[in-house]
Structure formats: structure tokens, C-alpha cells
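Q: Here it is: the structure, laid out below.
The values are calculated or read from the model by the stated rules, or taken from the named source; none is laboratory data. Keep in mind that this is a model prediction, so the values were computed, not measured. Heads up, the Cβs are rebuilt from the backbone with ideal geometry, glycines too, and the neighbour counts pull from every protein chain shown. Surface areas here come from the heavy atoms of the whole protein model, side chains and all, with no ligands, DNA or RNA. Shrake-Rupley method; radii C 1.70, N 1.55, O 1.52, S 1.80 Å.
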Amino acid sequence: MYDLSDINTIKSILKKNGFSFSKALGQNFIIDSEVCPMMAEAAIPDAGFGVLEIGPGIGVLTAQLAQRAERVVAVELDDRLPPILNETLKGFDNVKIVSGDVLKLDLKELIEKEFSGMKVVICANLPYYITSPVIMKLLEENLPVEAIVVMVQKEAADRLCAEVGTRDAGAVTVAVNYYAQAEKLFFVGRDSFLPAPKVDSEVIKLSLRADREGDIGDEAKFFTMVKTAFTKRRKTIMNSLCFGPASKETLGATLDDLGIPRTARIEELTMKNLTDIYNRIFA
Ligand code: SAM
């Protein structure tokens, strides 16, 4: 079996297959032997779990997941990688590679088909160019998964794990907080990758909530309100929330009634403030 975190092994596999990294696909492969075992340990509660991986690369994390889980299904967009993965993961009979774009696949259908009867987690060293859309998709599609353990750029981790109502919060923070409990697990420096990116990373865990704040019914509509308001995050909410059904009069009266200062900014509102405003005006 290959030591897939050994830089010389990786280089020789890549060379043998004439593989060159694609910057456009966010290809920075892990070469630190400690990172993937730690991610796999954090993601997989017990050996009965199924794991959906996004972007296996040459399989360094996949191998660690396969050692600890019942079954691993890994979605890879780059068609040059499955033949390499067939070689690097040939000792494992519980891994399946699915070719495709994670943003386009029907993940609910995939999970139901591939992990029937199993509890499922998602684990990935995400391609950073699509961090937010991938995380939003994983959350908004209400997938039958227990947790999402992913490596993201450090700055993205700060935003994803920020508290709603603080300066670090963005629209994605509100979504994460609504669907999950977010925590930072550990820091990973840029030197842990080949090629080394210009930024450091952090592994985070999103534990999906069984109970969610407020009864917001149409989640897509709620998040449209949140995303629209965050495009004017430096303005007061009398300005940033004044669109669609929210006229100045309705908005002002609702804020007064809810005891929310008209001069507040969207980033200062709590989850309850946001769901209250939504339910009163936008629902
Ligand atoms: N898991 C490997 C590791 O940790 O060394 C590779 C991680 S690399 C940061 C991201 C991987 O995601 C690459 O293999 C890349 O080809 C793949 N990828 C990029 N965009 C993708 C997409 N839209 N859907 C699925 N995989 C994608």
C-alpha cells in the first residue's frame, strides 16, 4: 500500500501518470502525514459510518477514511484522477469513485443509493474556489448527514464559524448557524500542501442540528432576504432591509415593534432578530 502523504511517493505517482496540478480546480494535495488521520478521526464516529468525500485528489484522505469507515464514496471532477485513484486505493474494497461536479450532482439521491441503512458524514479538503457554494449546497439541500468535516481557507473558517451578530459574520455564517453548530478543529499551515497555496487552512466541523431556530417555512426565501441585506452590510438595516415587501414604513414600524434599533447593521442582528423580521415582513 502507498504512503500517500509522503511527498516522494506523491511526486513519483504524479510523474508516472504525467499529472500536472490544475490551479483552476483548486488542486493542492496534502503532504503532511498527520493531517488526514486527524481529519478522518474527527469525522467518523464509528466503523459503521458511510463517508461522502468531495475531491479525493490522489486519495490521501480517502485512504484514511476507508480505514475507519464502512464505505467511502468520493466525487471527483478531474477525469485524469480516477485511473490514478484505482491504483493508489487498490487495497481497499470499500471505496467508490464517482466522476462528476459536486455542485451539479444530486447528492441526496447519491447518498440514499450508496449508503442505504448507514449513518453518513461528509469529509473533504475542499477546493477553495468553491468553498461557499459547496457548503451552502450541503446545508440547503437538507442532506441526510450527521456532520460535515472540511478543510477550508483560514479566513473562510473564521467567517463560517463566527457568531451571528458579530462583525465576522456574513450571510454564509447565518446559514451555517441555522443548519448546524460550527466549530474549528485545527489549523493547517500552507506548507502542508503540494503545491503550497498562498494561504493557511483550518479544519472545521459542522454538526447538523435536529432543532432549528424559529419557524421560517420557506428557507430559500429567508436566505434570499439575508443574502440581499448582507450585500449592504455597512448600511443601517433601514437601508439594507428595505426591499421587496419591506417599505420604509413597514420596516420602521416592525423594527420598533420588535425593539430592534433602526440604526443597527445587518451583521449586528441575532438569529432571532432575523427570523422575527422575516416572519413579520418577508414570509
Ligand atoms: N483530497 C485531496 C487532498 O487532500 O490531497 C485533494 C484536495 S484538492 C484541495 C481538491 C480536489 O477537488 C481536487 O482533487 C480537485 O480536482 C477536486 N475538485 C475541484 N472541483 C471539484 C468539483 N466541482 N467537484 C468535485 N471535485 C472537485
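Q: Identify the single condition in (1) surrounded by 15 or more Cβ atoms within 10 Å (Cβ to Cβ); (2) within 30 Å of Q153 (Cβ to Cβ) that C242 does not satisfy, given that it satisfies every other one.
A: Of (1) surrounded by 15 or more Cβ atoms within 10 Å (Cβ to Cβ); (2) within 30 Å of Q153 (Cβ to Cβ), only one is false for C242: (2).
Q: To continue, here is another question. Out of F115, F186, which single residue is touching a helix residue (DSSP H, G or I) at 6+ places or on another chain (Cβ under 9 Å) and either open to solvent by less than 20 Å² (accessible area, probe 1.4 Å) or not assigned by TED's automatic domain parsing to the domain that holds E268 (or both)? Steps first, answer last, please.
A: On the way: F115 fails: touching a helix residue (DSSP H, G or I) at 6+ places or on another chain (Cβ under 9 Å).
So the residue among F115, F186 that is touching a helix residue (DSSP H, G or I) at 6+ places or on another chain (Cβ under 9 Å) and either open to solvent by less than 20 Å² (accessible area, probe 1.4 Å) or not assigned by TED's automatic domain parsing to the domain that holds E268 (or both) is F186.
Q: A follow-up question, please. Mind checking whether some residue in the stretch 245-255 is part of a loop (DSSP other than H, G, I, E, B), surrounded by 13 or more Cβ atoms within 10 Å (Cβ to Cβ) and in contact (Cβ under 8 Å) with a residue 12 or more places away in the chain? Spell out how you get there, then give the answer.
A: Kept after step one, since they are part of a loop (DSSP other than H, G, I, E, B), are these residues of the stretch 245-255: 245-247.
Restricting the remaining residues to those that are surrounded by 13 or more Cβ atoms within 10 Å (Cβ to Cβ) gives 246.
Then drop every residue that is not in contact (Cβ under 8 Å) with a residue 12 or more places away in the chain, which leaves 246.
Yes, that holds for at least one residue.
Q: Can you report the number of residues in the stretch 5-24 which are near the ligand (Cβ under 9 Å from one of its atoms) and surrounded by 16 or more Cβ atoms within 10 Å (Cβ to Cβ)?
A: 2
Q: With (1) within 16 Å of the ligand (Cβ to nearest atom); (2) closer than 17 Å to S201 by Cα as the list, and A162 as the residue in question, which single condition is left unmet?
A: Every listed condition holds for A162 apart from (1).
Q: Among the candidates E70, E41, single out the residue that is more than 11 Å from the ligand (Cβ to nearest atom), of a type in the set (D, E) and either more than 22 Å from E202 (Cα to Cα) or at pLDDT below 95 (or both). So that I can check it myself, show each step before the final result.
A: Numbers: E41 fails: either more than 22 Å from E202 (Cα to Cα) or at pLDDT below 95 (or both).
One residue alone meets the criteria, E70.
Q: Could you identify the single residue in V149, V98, V75, V102 that is β-branched (V, I, T), within 16 Å of the ligand (Cβ to nearest atom), open to solvent by less than 70 Å² (accessible area, probe 1.4 Å) and assigned to a loop (DSSP other than H, G, I, E, B)?
A: Values: V149 fails: assigned to a loop (DSSP other than H, G, I, E, B); V98 fails: assigned to a loop (DSSP other than H, G, I, E, B); V75 fails: assigned to a loop (DSSP other than H, G, I, E, B).
Of V149, V98, V75, V102, the one residue that is β-branched (V, I, T), within 16 Å of the ligand (Cβ to nearest atom), open to solvent by less than 70 Å² (accessible area, probe 1.4 Å) and assigned to a loop (DSSP other than H, G, I, E, B) is V102.
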